[in-house]
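The values are calculated or read from the model by the stated rules, or taken from the named source; none is laboratory data. What you are looking at is a predicted structure, and each value in this text was computed from that prediction instead of being measured. Here the Cβ is made from the backbone with ideal geometry for all residues, glycine too, and neighbour counts use every protein chain on show.
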Amino acid sequence: MKARYELIGSAMSPFVRKVRVAMALKGLAYELCEISIFDPPDWFSSISPLRRIPVLRDRDRGGAVLNDSSVICHYLDMAHPESPLLPEDPWERARALWIEEYMDTEFAFRMGMGLFRTRYVYPLMGQPVDEALVEKTLTKHAPRFYRYLEGEIAGKDWFAGSALSLADIAVATQFANMRHVREAPDPALYPALAAYVARTLALPVFAALEQEEKAASGAIGGA
């Protein structure tokens, strides 16, 4: 019997990983349909108007689909309220949504394009690493992201509320990609953030995916 959910996208995408972690925390079975966003199948545009991943297909709804990792996670949280992804307190819930937005937009764009894509994706596509872009990302963009996140996590275990939430999933999934290209916050400069990243990525739900991703990247010659 097929699982209720099908998740369409690439396992190395931080946004696909974000949904996979959310589903694992909720104990939801799903099938992962791997596609390359750089060379998607012809049918992909019919289910993803923006041609972005992930896409969630719900077979209990006749195969209807949802786009965008944030939308998908919010749907899953409402459809499966056990193990909630957001704090109950309104203020902490709003903070979690803000941190998620921060990581999904500016951080993902600057760090993803400047480091992960150029160091990891370009070599797989036979393209040279843009060392100037890497240097600009590390010297101009990374410090401001790290300073902000350091201030937000200092003295706390989690970014919002008293337990792991969607905010933490959004943060950790981006740093999981950074780890794949050997980048991490300097503990001497950002001690709280560095400790948080190491602690969170060591959680079984992230560690299992990291091992899977390393095995896959090794099979195709990745970092």
*asked:* Condition first: surrounded by fewer than 18 Cβ atoms within 10 Å (Cβ to Cβ) and touching a residue at least 60 places away in the same chain (Cβ under 8 Å). Now tell me which residues in the range 2-20 satisfy that.
replied: Ala11
_Being of a type in the set (A, V, I, L, M, F, W, C), free of Cβ contacts under 8 Å to residues at least 24 places away in the same chain and under 25 Å from Gly62 (Cβ atoms): is that true of Met23 here?_
no
*If Lys2 satisfies every condition in (1) over 28 Å from His141 (Cα atoms); (2) modelled with pLDDT of 95 or more but one, which is the exception?*
(2)
*Out of Asp60, Asp77, Asp68, which single residue is more than 16 Å from the chain's Cα centre (by Cα), within 21 Å of Ala172 (Cα to Cα) and not aliphatic (A, V, I, L, M)?*
Asp77
_Scope the range 132-189; condition touching an Asp or Glu at 6+ places or on another chain (Cβ under 8 Å), assigned to a helix (DSSP H, G or I) and either on the phi > 0 side of the Ramachandran plot or small (Gly, Ala, Ser) (or both); matching residues_ = Ala142, Ala167, Ala170, Ala176
*Being over 9 Å from the mean Cα position of the chain (by Cα) and closer than 21 Å to Arg61 by Cα is the filter here, so list the residues in the range 1-19 that pass it.*
Met1, Lys2, Ala3, Arg4, Tyr5, Glu6, Leu7, Ile8, Gly9
*Identify all residues within the range 131-157 that are surrounded by fewer than 16 Cβ atoms within 10 Å (Cβ to Cβ) and either hydroxyl-bearing (Ser, Thr, Tyr) or touching a Cys at 6+ places or on another chain (Cβ under 7 Å) (or both); write none if there are none.*
Thr139, Tyr148
*So how many residues does the range 27-85 have that are farther than 30 Å from Met125 by Cα, touching a residue at least 40 places away in the same chain (Cβ under 8 Å) and among the hydrophobic types (A, V, I, L, M, F, W, C)?*
4
